[in-house]
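Working notes for the structure below.
The values are calculated or read from the model by the stated rules, or taken from the named source; none is laboratory data. No experiment lies behind these values; they were computed from the predicted model shown. Counting neighbours? That spans all protein chains shown, and the Cβs are built from the backbone with ideal geometry, glycine included.
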């Protein structure tokens, strides 16, 4: 059985590799599959747990997951076989979600609500930087209780002035998982399939980009 599914997986992979370049091949390369736990809740929203089409197909062949929904227009075909790319999978066995807070840019900015901790303005992740409240030169460490979100302008000004006068709006700290998860659910997110939405319990704005059209859920309704 193992050799059989490996051969089938390789055949699917080969079909995609030999597919002529075009929008369909590009969409396959960008496609993601939402993976749910056995209780039909997302395994993670920090970030949202998704896998690419090859990982999704592998999980199904290994009988670790089963298909809940498939993309109607993403089909891998050959003269002898065809396979619809999964959009949503559910685990056959319950997996205990990891609730450990990882240190990362994303989580630092999320903790600080994407707000510069000096000027108070709100920015995107690309416009923010990590700032060492106590500078490295004075022994400051790269850790939760010494890092704040700062816009590039404030970060630069702070580095050229008396840094001890720059007090962040909120003293940096390590957040707990529940706090970050609640904040994540209030922020704007993008999904590739509107059928994902019913499983997300999302309170923030939702944008759909399925590779063909793009819209905000509120606008569609």
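Results for (1) at positive phi; (2) at pLDDT 95 or above, shown as yes or no for each residue.
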{"site": "112", "(1), (2)": "no, yes"}
{"site": "134", "(1), (2)": "no, no"}
{"site": "139", "(1), (2)": "yes, no"}
{"site": "142", "(1), (2)": "no, yes"}
{"site": "145", "(1), (2)": "no, yes"}
{"site": "160", "(1), (2)": "no, no"}
{"site": "179", "(1), (2)": "no, yes"}
{"site": "183", "(1), (2)": "no, yes"}
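If the condition is being surrounded by fewer than 18 Cβ atoms within 10 Å (Cβ to Cβ) and more than 26 Å from residue 184 (Cβ to Cβ), then segment 30-57 contributes only 54.
Looking across segment 147-156, the residues that are farther than 14 Å from residue 107 by Cα and touching a residue at least 24 places away in the same chain (Cβ under 8 Å) come down to 151, 152, 153, 154, 155.
So that you can scan it fast, the table gives a plain yes or no per residue for (1) more than 30 Å from residue 70 (Cα to Cα); (2) without any contact (Cβ under 8 Å) to a residue 40 or more places away in the chain:
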| site | (1), (2) |
| --- | --- |
| 171 | yes, yes |
| 180 | yes, no |
| 183 | no, no |
| 187 | no, no |
| 193 | no, no |
| 200 | no, no |
| 205 | no, yes |
| 209 | no, yes |
| 217 | no, yes |
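Within segment 59-90, being more than 19 Å from residue 195 (Cβ to Cβ) and buried (at least 18 other Cβ atoms within 10 Å of the Cβ) holds for one residue alone: 76.
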